1. Check the range B:424-440 and report whether any residue there is outside any helix (DSSP H, G or I), under 17 Å from B:Thr342 (Cα atoms) and among the aromatic types (Phe, Trp, Tyr).
2. Pick out the one residue from B:Thr202, B:Thr236 that is touching a helix residue (DSSP H, G or I) at 6+ places or on another chain (Cβ under 8 Å) and more than 10 Å from chain A (Cβ to nearest Cβ).
3. Could you tell me whether A:Leu73 is within 14 Å of chain B (Cβ to nearest Cβ), buried (at least 23 other Cβ atoms within 10 Å of the Cβ) and touching a strand residue (DSSP E or B) at 6+ places or on another chain (Cβ under 8 Å)?
4. Out of A:Arg252, A:Arg235, A:Arg288, report the one residue that is within 24 Å of A:Leu148 (Cβ to Cβ), free of Cβ contacts under 8 Å to residues at least 40 places away in the same chain and basic (Lys, Arg).
5. Name the strands (runs of 3 or more DSSP E) wholly inside the range A:171-289 in which the number of residues that are buried (at least 19 other Cβ atoms within 10 Å of the Cβ), at pLDDT below 95 and within 26 Å of the chain's Cα centre (by Cα) is 1 or more.
6. Could you grab me the full set of residues in the range A:1-32 that are out of contact with any helix residue (DSSP H, G or I) (no Cβ under 6 Å at 6 or more places or on another chain), in a loop (DSSP other than H, G, I, E, B) and over 19 Å from A:Phe156 (Cβ atoms)?
7. Exactly one condition in (1) assigned by TED's automatic domain parsing to the domain that holds B:Leu382; (2) part of a helix (DSSP H, G or I) is false for B:Arg316; which is it?
8. Hey, among B:Ser150, B:Ser176, which residue is farther than 25 Å from A:Leu153 by Cα, in contact with a Ser or Thr (Cβ under 6 Å, 6 or more places away or on another chain) and either small (Gly, Ala, Ser) or in contact (Cβ under 8 Å) with a residue 24 or more places away in the chain (or both)?
Amino acid sequence: MSSEDQNSQEILDFASQVGASGPVTVVGGRTQWQVGGLPDPGAREVVAPSGVWSHQPEEMTVRCGAGTTLKELSEQLAKHGQMVPLDMDPTATVGGVLAVGRSGIRRLKYGHVRDLVLQIRHVDHEGKVVTSGGPTVKNVSGYDLCRLLVGSLGKFGCMAEVILRCLPVPQTTRWLSGPADPFEVYSKLYRPSSILWNGEQVWVCVEGVSSDVDAEAGLLDLEEVEGPPDLPTGRRVAVEPKSLKDLVPDGRSWVAEIGVGIVHTNDADTGWRVPEPNYSLMLDLEHRLDPTGRLNPGRQVVEA
Amino acid sequence: MQISTDTKLFDDLSAVLGSRARSGDFELGLYGKDGSVLEGQPAIVCLPVDTEEVRQVVRICHDHGRPFLARGSGTGLAGGAVPVGDPVIIATAKMNKILDVDLDNRVAWVEPGVLNLDLSKELSPLGFHFAPDPSSQQVCSIGGNVANNSGGPHCLAYGVTSAHVVAIEVVLPDGSVTVLGDLTAEPHGYDLRGIFVGSEGTMGVATKVAVRLTPNPPSVRTLLLDFADVRDGAATVSAIIAAGLIPAALEMMDKRAIEIVEAFVNAGYPTEADAVLLVELDGLPGGVEHGVEVIREVAARHEVGNIRVAVDNEERELLWKGRKNAFGAVARIKPDYYLHDTVVPRGKLVEVLEKVYNIADAYDLIAVNVFHAGDGNLHPILAYDSNEQGVMERVHAAGRAIVTASIEAGGVLSGEHGIGLEKRDYMGMLFSSHDMATQDLIREAFDPQGLANPLKVLPSGSRCSDSFRQHVPEGAWV
């Protein structure tokens, strides 16, 4: 049996585990398990196949089981100087990170995790495998279902296999920190990887060839540090990037991603009001793609 | 033509739009075609000026049970804007305002009829641009870019339209207005914005688009590399990427393309070469210069001839002028051309290119290749003269053979032109009937009556396997 056939068999085995009836919930690394609410206790737990099945450095693509941990993925890719900047807990799984759909702290440079996905094979409510997207780095064949699956908490299906776009690991990565106006820092730099701010201190990540990193760092009056600060884990609020200008240092614990608009905080209620999307269309879609609501019941992407 | 019902429909539309609802033979003829070789016939052409007018037009179509088709500049190459099913055309040409440039959010709200290049020109003094840059960017519209999830040479490094659109105001097929996505980093709920981008007008009409502003790079270098053997050129493409470099653009032209382009624009392209690569690097100066060195090393290992580095902006623009006018230049050899669009793994470029030449020979057509080599996006041009007896059958048969060869090499149906009508019945080459039925479920959630640009993208009856099978091309697996 060729390795590809073996992977296909693993996907089919996973599909039969998901099956066509009864509530199921897919388990990844449980690193963001609480997001969207816990699955119903009666739901049967299934685990997606894992393993980096094919890394093609010259194509800058990687095919892996959705159950692969970020640690395993990054170790495999590093052998060829490449990465997929998912930037989450190393014990998290690729499928889990995509299902939750939250980006890491270098989103400012690398974009949303959604834009790193090329193809997804998922198991739908009938226990059938559905392929969307395509294996190449560019593709507009059919509807872009992959975008919809990212951030869907498995409500449309359980991811079995994904193909991701890889990037070269930057020659130099440097974190700098100190007291500075984060918005001024942002306007001075060309596409920095991350700017974090807690109201008093900024942390900046610059990446690239060393001469550029030195030159960019030279524009700022900051000290080199090991890495980013610990982020408050209580809540994560997404606001318009410019709203971060309204944040004031008030002694409470928060860290904001400048230019992106994400605030990590321990406050129960931040007072931010976010736009309300078209919930009725979303619920209609949910119903069409999983009429009996058997996939990851209990979890809610659309708040009732 | 359904005279009596159309009269009532026309009266209802005229009541909203006045003289901007049209049914003259000239307009109907004009809006019957797009950039493809396909042709249809619309019932009525509407030229709304704002969201409210679009909403009313869609509402009227909905009440009459009449299909509608939103249209930007009509530069699409897959027949996505060709009217099928006697639709009302909603042309967005008069919705061409840049509404708000929000530098604090690095976003601009624009109307769908704004032209791609006009937007980047407007943003340029502020130090920003809109990254997707299709070759048709002088005339194609942002609404069309959203519909097709358009690419362009610089999408190699920057990503396609979907990565640059944060929110879209949409008139849904039932005539309601909604906003998909928002300006926050993680909008609540499912990514309806993401599924709408690239849906080719089958899920509603975009009436306002919030696009991401990309900072202009501080440093840019453009290089032209020539090769005595096209295989070396293609191998250089893979080797550049494998060396860990992602150029802003990495374009390839074959011998015939070089000859016709040079005769057309006099950019100083080496007409004796078998292939050229046009490579652009941008970003901070250190990374750019490092990239130039990597390319020199890699190309030297692959028998490169000359490496010409543009010395100034003028020379850079001249080199790009050649690339961006290549399609028009084809008229020098034949009056008509059919432009294909498939993607293959970069490592298969040489293999598939050779197949393209063989296919063209077998069907007695001339193949010219100008394409986005960096992401494996082939654009074979089949040049022909439409006056030749039976030529279109040969053109279509050759096109189908090219698509088949690309899929066999592990590629996909389309990199940036979309599926439209042209490739609708090829979808079964890439997707199972169940895959397509799933896609159709999503389309139905947006458009239960099937009024928005019907019969595009998915083979008709994708949810009914029996009727679907009639449309599956011969030899395709499902």
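1. yes
2. The match here is B:Thr236.
3. Numbers: within 14 Å of chain B (Cβ to nearest Cβ): no; buried (at least 23 other Cβ atoms within 10 Å of the Cβ): yes; touching a strand residue (DSSP E or B) at 6+ places or on another chain (Cβ under 8 Å): yes.
For A:Leu73, the condition - within 14 Å of chain B (Cβ to nearest Cβ), buried (at least 23 other Cβ atoms within 10 Å of the Cβ) and touching a strand residue (DSSP E or B) at 6+ places or on another chain (Cβ under 8 Å) - is not met.
4. Checking each option against the conditions leaves just A:Arg288.
5. Strands (runs of 3 or more DSSP E) meeting the threshold: A:235-238, A:254-257, A:262-265.
6. A:Met1, A:Ser2, A:Arg30, A:Thr31
7. With (1) assigned by TED's automatic domain parsing to the domain that holds B:Leu382; (2) part of a helix (DSSP H, G or I) applied to B:Arg316, the lone miss is (1).
8. Criteria check complete, one pass: B:Ser150.
The values are calculated or read from the model by the stated rules, or taken from the named source; none is laboratory data. Bear in mind the structure is a predicted one, so any value in this text is a computation, not a measurement. Cβ sites come from the backbone with ideal geometry, for glycine too, and all protein chains shown count toward neighbours.
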